Amino acid sequence: MVAEFERPADLTFNRGLIADPDGFARDANAASWLFLCGEEFAAMDGGMSYASVQAAVGESANIVSDPPQALDMDLARRHVAALDRLPRPTLVTCRTGPRSSALVYLYAGLRAGAAPDEVLARAEADAAPFSSSDELKAWVVKGLDELS
């Protein structure tokens, strides 16, 4: 049985590379975007720059969170603060989706006061990209425990 916790519809994460930032933002009717990649991602095959994010939405934030950057509670606090500031609907993206989906479920779980097992069960049921990563699941659980 899946718990009552639901991921909010006004936060969207990516499930793979984003070929068309403008189209991705338009399809989600996004007012804002939290981009988790550094500028080196723009130079990679299939990569995207923060400038393309800024061109696609009215408001954005860039908190570099891609490897080798370790996800820790300081980074989680910065993510949560950015999401609290950004208008909805909001896109949250990383390179291919695992880190951005982990952040969306962490944030939603914090705001809903949900238990870690509820959040992880919902993520599994939704096939969220982070749900196959023990490291990212542990980060979500730790964030729910420490930041609530």
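Of everything in the stretch 13-55, what is in contact with a Lys or Arg (Cβ under 8 Å, 6 or more places away or on another chain) and in a helix (DSSP H, G or I)? Give them in sequence order.
Of everything in the stretch 13-55, just one residue is in contact with a Lys or Arg (Cβ under 8 Å, 6 or more places away or on another chain) and in a helix (DSSP H, G or I), namely 41.
Please go through the stretch 1-30 and pick out each residue that is of a type in the set (A, V, I, L, M, F, W, C) and within 18 Å of the chain's Cα centre (by Cα).
5, 9, 11, 13, 17, 18, 19, 24, 25, 28, 30
Condition test on residue 86, is it open to solvent by 10 Å² or more (accessible area, probe 1.4 Å), within 22 Å of residue 32 (Cβ to Cβ), touching a strand residue (DSSP E or B) at 6+ places or on another chain (Cβ under 6 Å) and hydrophobic (A, V, I, L, M, F, W, C)?
On the way: open to solvent by 10 Å² or more (accessible area, probe 1.4 Å): yes; within 22 Å of residue 32 (Cβ to Cβ): yes; touching a strand residue (DSSP E or B) at 6+ places or on another chain (Cβ under 6 Å): yes; hydrophobic (A, V, I, L, M, F, W, C): yes.
Here the answer is yes, as residue 86 does meet what is asked.
Restricting the search to the stretch 100-117, which residues are open to solvent by 10 Å² or more (accessible area, probe 1.4 Å) and touching a strand residue (DSSP E or B) at 6+ places or on another chain (Cβ under 9 Å)? Can you show your working first?
From the stretch 100-117, those open to solvent by 10 Å² or more (accessible area, probe 1.4 Å) are 107, 110-117; that's our starting set.
Result: 107, single match.
Would you be able to say whether some residue in the stretch 65-82 is in contact with a strand residue (DSSP E or B) (Cβ under 8 Å, 6 or more places away or on another chain), of a type in the set (Asp, Glu) and either open to solvent by 40 Å² or more (accessible area, probe 1.4 Å) or modelled with pLDDT of 95 or more (or both)?
The initial filter retains those residues of the stretch 65-82 that are in contact with a strand residue (DSSP E or B) (Cβ under 8 Å, 6 or more places away or on another chain), namely 79, 82.
Adding the requirement that they be of a type in the set (Asp, Glu) leaves none.
There is no residue in the stretch 65-82 that is in contact with a strand residue (DSSP E or B) (Cβ under 8 Å, 6 or more places away or on another chain), of a type in the set (Asp, Glu) and either open to solvent by 40 Å² or more (accessible area, probe 1.4 Å) or modelled with pLDDT of 95 or more (or both).
What are the pairs, 6+ residues apart or on separate chains, where a residue within the stretch 104-119 that is assigned to a loop (DSSP other than H, G, I, E, B) has its Cβ under 8 Å from a residue that is among the polar types (S, T, N, Q)?
113/148
The values are calculated or read from the model by the stated rules, or taken from the named source; none is laboratory data. None of these values were measured; they are calculated from a predicted model. Don't worry about glycine lacking a Cβ; one is built from the backbone with ideal geometry, like all the others, and counts go over all protein chains shown. Ligands, DNA and RNA are excluded from the accessible area calculation, which covers all protein heavy atoms including side chains. Shrake-Rupley method; radii C 1.70, N 1.55, O 1.52, S 1.80 Å.
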